[in-house]
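Notes follow once the structure below has been shown.
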Amino acid sequence: MVVHEPPPVGQKASEFVSLSEVAGNEVGQRNGVRLENRDDEDDGGVMLKAVAAISSRSVVFPLQIVLYIRKMLFLSMYRPSNQEQKKCIKKSGDFNYDTKFKGATALLLLSKTKELSDSSFLINHARVLVGSGLETFEKGKNALQNWRHFNLNWAFVDPKTPIQSGVKFCVCTKAVFPWLLMPLKVVYVDDSSKERNAVASYSYGSGTLQGHLLAGEECFSITMDEQNDVWYEILSISKPANPLAFIGYPYVLLKQKHFARESALAMQKHLSTKLDNK
């Protein structure tokens with residue numbers, strides 16, 4: 001015999017749905033058949049159906065989250081292939097940050113930091129000595145042009161990607177998600193001989209595109225100063241590009257600092273090996 005629970009105090013009977021009705025309607029609808037409660041069905045069967053119905057509801061929310069994430073970001077279960085990277089680039093669209101900040105990492109001065117801060121950008125800066133002399137500088141420049149600074153187990157860029165203004169590419173990284181593909185576009189390339197009191201300098205900056213976890217710009221540079229010291233430098237401005245990124249932004253900032261350390265070590269290792277094998 002079907003047991004109908006009494007409606008809660010203050011709620012009309014017509015607005016109240018019993019567990020047995022939830023079980024009969026939702027479980028049946030889920031399987032494409034509407035189930036009717038029978039008088040000879042025991043309470044245990046009704047309860048099992050109710051639990052199944054409630055469980056089916058609980059699956060919907062996580063699934064919605066997964067679909068939402070997949071809509072906002074480019075994900076891959078395995079190390080992204082060249083084809084997946086091309087697909088990501090094709091779908092990425094244009095920059096996801098205000099174009100007035102394009103090239104900000106190339107012209108970043110103290111007078112600009114307030115404007116960036118007012119627009120919610122955070123500045124991340126790392127600089128490390130990688131050697132000395134013109135030979136080290138030239139090898140460092142070559143390393144940047146061949147993406148050796150992204151030669152990591154958990155982050156990489158297709159080394160065949162040309163560093164030219166207007167070129168789109170993907171940074172593929174493995175973090176919380178299986179693999180995350182983040183599209184960017186080269187905004188500028190500076191191969192000047194005089195910059196920031198440097199004897200020689202090479203740098204390029206890339207801006208984030210639609211589908212990137214962050215919004216902003218990142219610059220990589222190799223410079224040789226007047227003391228012939230060669231420096232590898234990373235400078236970026238960033239802020240969350242979507243609600244998901246906002247929630248995980250503290251973790252993302254830690255990953256940025258971790259990348260700076262790992263990238264610097266990769267450059268130091270690459271340059272020392274190249275020089276030793278001369």
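Working carefully through the options ALA155, ALA143, ALA200, find the one that is within 30 Å of ILE247 (Cα to Cα), in contact (Cβ under 8 Å) with a residue 24 or more places away in the chain and aliphatic (A, V, I, L, M).
Going through ALA155, ALA143, ALA200 in turn, just one is within 30 Å of ILE247 (Cα to Cα), in contact (Cβ under 8 Å) with a residue 24 or more places away in the chain and aliphatic (A, V, I, L, M): ALA155.
Look at GLY133 and say whether it is more than 20 Å from LEU265 (Cβ to Cβ), touching a residue at least 24 places away in the same chain (Cβ under 8 Å) and not aromatic (Phe, Trp, Tyr).
Yes, satisfied.
Among SER201, SER206, which is under 21 Å from PHE95 (Cβ atoms) and assigned by TED's automatic domain parsing to the domain that holds LYS112?
Testing whether each residue is under 21 Å from PHE95 (Cβ atoms) and assigned by TED's automatic domain parsing to the domain that holds LYS112 leaves just SER206.
Just give me the residues in the stretch 124-171 being under 18 Å from ASP229 (Cβ atoms) and in a strand (DSSP E or B), in sequence order.
Answer for the stretch 124-171, where residues must be under 18 Å from ASP229 (Cβ atoms) and in a strand (DSSP E or B): HIS125, ALA126, ARG127, VAL128, LEU129, VAL130, GLY131, SER132.
Restricting attention to the stretch 170-192, does a residue exist that is among the polar types (S, T, N, Q), under 30 Å from TYR78 (Cβ atoms) and surrounded by fewer than 16 Cβ atoms within 10 Å (Cβ to Cβ)?
Within the stretch 170-192, none of the residues are among the polar types (S, T, N, Q), under 30 Å from TYR78 (Cβ atoms) and surrounded by fewer than 16 Cβ atoms within 10 Å (Cβ to Cβ).
The values are calculated or read from the model by the stated rules, or taken from the named source; none is laboratory data. Please read these numbers as outputs of a predicted model, since none were measured by experiment. Heads up, the Cβs are rebuilt from the backbone with ideal geometry, glycines too, and the neighbour counts pull from every protein chain shown.
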